[in-house]
Amino acid sequence: MAAGNRTWERPTVFPRRGMKWAVYAGIVGFFLWSGVGVGADPARIAQGLGSAGSLVGDFLPPSATPRQAQRILDKMLESVAMAMVSTLTGIVLSVPIAFMAAENLSPKPLYAINRGFISVSRAFNAIIVGIIAVKAIGFGPLAGILTITFKTVGFFSKLLAEDLEDIDMGSVDAVRASGASPIQTLLYGVVPQIIPRFAGLSVYRWDINIRTSTIIGIVGAGGIGSVLLTAFNRYDYQYVTAILLAIITVVLVAEGVSAVVRRRYN
């Protein structure tokens, strides 16, 4: 057939039409099997939705005594402080790990070790890390700081290492060819290329850490989460609503600050 008479066909990853429908059927089947496996009972879901209306009524209006309000303020400030310390500490630890985890800047053995550490750090949820930290050093904000710092290193190192792998090596080679030392090559050939991205990632991770610091207190790692758990255990739902509103306010402020700073550097 002449090239001019060919009809357009949508690109596909499937070599045969039958294989495409077999894959789709497999996905649907896996979804249904998963639903049955976790006990997704439609009748139970409908019953839960019916009870949700009365539960919402128990949460309104928000209420807190002056003592409870002061408790919310103190623990909210503790959460913010935990996030600030963890972000700074995590970034300081992340920078050398990121450079050693960049394939174009690090020897293969060093690259493999640091990539492995990053993978381990990202493998565990913050709640799991928080439980381990509490078991290791006891209750309180220090456990929360260690938890968030550990998670920051995995997140920040991975993204920064990927940015380092995408830098223009021509600029690095030009600086090196001028007779610069390895440190000078790093400072003048590599660092200027990643500063905008570095700033954006730092603020973004701080934003994430603010949210994380409000949750890990549930396992005893400091912050407002411990107050939230206590209120739930006492069925003081109006107090719970007041705590949630405080968390939402702080998270929205952090999100706004993060958006402004990232827009400035991008």
> Ignoring ligands, DNA and RNA, what accessible area per residue does the stretch 74-264 give at 1.4 Å, in Å²?
Replying inline: 49 Å²
> Where nothing but the Cβ of Lys and Arg (+1) and of Asp and Glu (-1) is charged, how large is the charge dipole of the stretch 1-99 around its Cα centre, in debye to the nearest 20?
Replying inline: 520 debye
>> Using +1 at the C-beta of Lys and Arg and -1 at the C-beta of Asp and Glu, which of Phe139, Gln238, Tyr188 has the Cα lying farthest in the positive direction of the dipole of the chain?
In response: Gln238
> By how many nm would the segment from Ala25 to Phe232 grow when fully extended, if each residue of separation counts as 0.36 nm and the alpha-carbon distance is taken off?
Replying inline: 70.3 nm
> Projected onto the charge dipole of the chain (+1 at Lys/Arg Cβ, -1 at Asp/Glu Cβ, origin at the Cα centre), which of Val129, Gly90, Gly18 gives the Cα projection farthest towards the positive end?
Replying inline: Gly18
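How many percent of the alpha carbon pairs in the stretch 150-266 exceed a separation of 21 Å?
56 percent
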>> Students sometimes get this wrong: rank Arg176, Arg262 by accessible area, probe 1.4 Å, all chains present, largest first.
In response: Arg176, Arg262
>> Taking the Cα centroid of the stretch 49-65 and of the stretch 184-221, what is the distance between the two, rounded to the nearest whole Å?
In response: 37 Å
> What's the carbon and sulfur percent of the stretch 1-100's accessible surface, probe 1.4 angstrom, rounded to a whole number?
Replying inline: 69 percent
>> Could you tell me how many cubic angstrom of Cα convex hull volume the stretch 40-196 has per residue?
In response: 207 Å³
>> Tell me the accessible surface of Leu159 in square angstrom (1.4 angstrom probe, heavy atoms of protein chains only), to the nearest ten.
In response: 40 Å²
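When the Kirkwood radius is taken over all Cα pairs of the chain, what Stokes-Einstein diffusion coefficient follows at 37 °C and 0.692 mPa s, in µm²/s? If you can, show how the numbers build up before the last one.
On the way: Rh = 22.7 Å.
Taking Rh from Cα pairs, D becomes 145 µm²/s.
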> By the scheme Lys and Arg +1, Asp and Glu -1, what is the net charge of all other residues having a beta-carbon under 14 Å from that of Ile216?
Replying inline: +3
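For Cα pairs less than 8 Å apart in space and 6+ apart in sequence, what is the mean separation divided by the residue count of the stretch 67-142, i.e. the relative contact order in percent?
In percent, rounded to a whole number, it is 20.
Tell me whether the stretch 203-266 comes out rounded, prolate or oblate; compute the Cα gyration tensor, take square roots of the eigenvalues as a ≥ b ≥ c, and use a/c under 1.5 as the rounded threshold.
oblate
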> Which pairs break 28 Å Cα to Cα here: Lys75/Lys158; Lys20/Lys158; Lys75/Lys151; Lys20/Lys108?
Replying inline: Lys75/Lys158; Lys20/Lys158; Lys20/Lys108
>> Please compute the contact order of the chain in relative form: average sequence separation of alpha-carbon pairs under 8 Å and at least six residues apart, divided by the residue count, as a percent.
In response: 26 percent
>> If each residue of separation counts as 0.36 nm, what is the full-extension length gain between Ser63 and Leu77 once their alpha-carbon separation is subtracted?
In response: 3.1 nm
> Using the per-residue mean of other Cβ atoms lying within 10 Å as a proxy for protection, in what order, highest first, do the peptides 192-204, 70-82 fall?
Replying inline: 70-82, 192-204
> Looking at Leu228, Ile210, Ile148, which one has the Cα that reaches farthest to the positive end of the dipole of the stretch 74-264 (charges on Cβ: Lys, Arg +1; Asp, Glu -1)?
Replying inline: Leu228
>> If the only charges are +1 at each Lys and Arg Cβ and -1 at each Asp and Glu Cβ, what is the size of the charge dipole of the stretch 74-264 around the Cα centre, to the nearest 20 debye?
In response: 220 debye
> Label point 7 Å out from Thr249 along Cα-to-Cβ: which residues of the stretch 59-93 have amide N under 18 Å?
Replying inline: 60-81
>> Quick check: Cα centre of the stretch 119-164 to Cα centre of the stretch 13-44, how many Å?
In response: 35 Å
>> Checking understanding here: applying a Kyte-Doolittle mean of at least 0.5 and a length along the axis of at least 15 Å (C-alpha), which whole DSSP H helices in the chain pass?
In response: 17-37, 66-100, 126-137, 141-165, 237-265
> Based on the Cβ-Cβ distance from Gln47 to Leu186, what FRET efficiency comes out when R0 is 51 Å, to the nearest 0.05?
Replying inline: 0.25
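The values are calculated or read from the model by the stated rules, or taken from the named source; none is laboratory data. None of these values were measured; they are calculated from a predicted model. With ideal geometry, Cβ positions are generated from the backbone for all residues, glycine too; neighbour counts draw on all protein chains shown. These area figures cover heavy atoms from the full protein model, side chains too; ligands, DNA and RNA do not enter into them. Shrake-Rupley method; radii C 1.70, N 1.55, O 1.52, S 1.80 Å.
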